[in-house]
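**Q** Once you've had a glance at the structure underneath, I'll fire off some questions.
The values are calculated or read from the model by the stated rules, or taken from the named source; none is laboratory data. Treat the numbers as computed from the prediction; the structure is a model and nothing was measured. When we count neighbours, we look across all protein chains shown, and the Cβ atoms used for this are built from the backbone with ideal geometry, even at glycine.
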């Protein structure tokens, strides 16, 4: 029963990102802003908070991570918070993708080692420059199940449209889907996807 509840509560286009705040988070924020224009994938990066809000932040992380269809963890520097989030995702059997920066300056500025246990047996996405990270995240979006479904619906519903209309409807669909980002309840994205892509 608990497995069914988890599946029902999953936001199918939502992807959680756990990353060190000081060293690499700005890169993810810049890239996610660009990807939002190309893909209907909603990336959740939980903001920094004060100590008095620590418990509320932890609850928010559990909610967002627990409702995500997948999670990306940047293990650069063995950040303790990222390690905690990774463990939670592993316990919930949420698909996990590990990214690590091998840029010299970032590695030197990071504290600690590889806190996330048993990384040797897991696939890691290695990058040194932000441009490589952008390529890796773009590739992640392309093969995400929600993106694959989106592309199939687009191809089917817009098969009789000209190239100009296909581009226009795709941009419109992505924009409307993102209007529901970070909202609780409301219209299901799967229903909205069907409605938006049917030309009137």
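**Q** Does at least one position in the range 18-37 carry a residue that is modelled with pLDDT under 90 and either surrounded by fewer than 19 Cβ atoms within 10 Å (Cβ to Cβ) or in a strand (DSSP E or B) (or both)?
**A** Looking for residues that are modelled with pLDDT under 90 and either surrounded by fewer than 19 Cβ atoms within 10 Å (Cβ to Cβ) or in a strand (DSSP E or B) (or both), one finds at least one in the range 18-37, hence yes.
**Q** Any residue at all in the range 60-73 that is surrounded by 16 or more Cβ atoms within 10 Å (Cβ to Cβ), within 11 Å of residue 20 (Cβ to Cβ) and modelled with pLDDT of 90 or more?
**A** Yes.
**Q** Could you figure out which of (1) surrounded by 13 or more Cβ atoms within 10 Å (Cβ to Cβ); (2) assigned by TED's automatic domain parsing to the domain that holds residue 33; (3) at pLDDT 90 or above; (4) part of a loop (DSSP other than H, G, I, E, B) isn't true of residue 100?
**A** Unmet for residue 100, out of (1) surrounded by 13 or more Cβ atoms within 10 Å (Cβ to Cβ); (2) assigned by TED's automatic domain parsing to the domain that holds residue 33; (3) at pLDDT 90 or above; (4) part of a loop (DSSP other than H, G, I, E, B): (4).
**Q** Farther than 25 Å from residue 154 by Cα and either modelled with pLDDT under 90 or surrounded by fewer than 20 Cβ atoms within 10 Å (Cβ to Cβ) (or both): does that describe residue 54?
**A** For residue 54, the condition - farther than 25 Å from residue 154 by Cα and either modelled with pLDDT under 90 or surrounded by fewer than 20 Cβ atoms within 10 Å (Cβ to Cβ) (or both) - is met.
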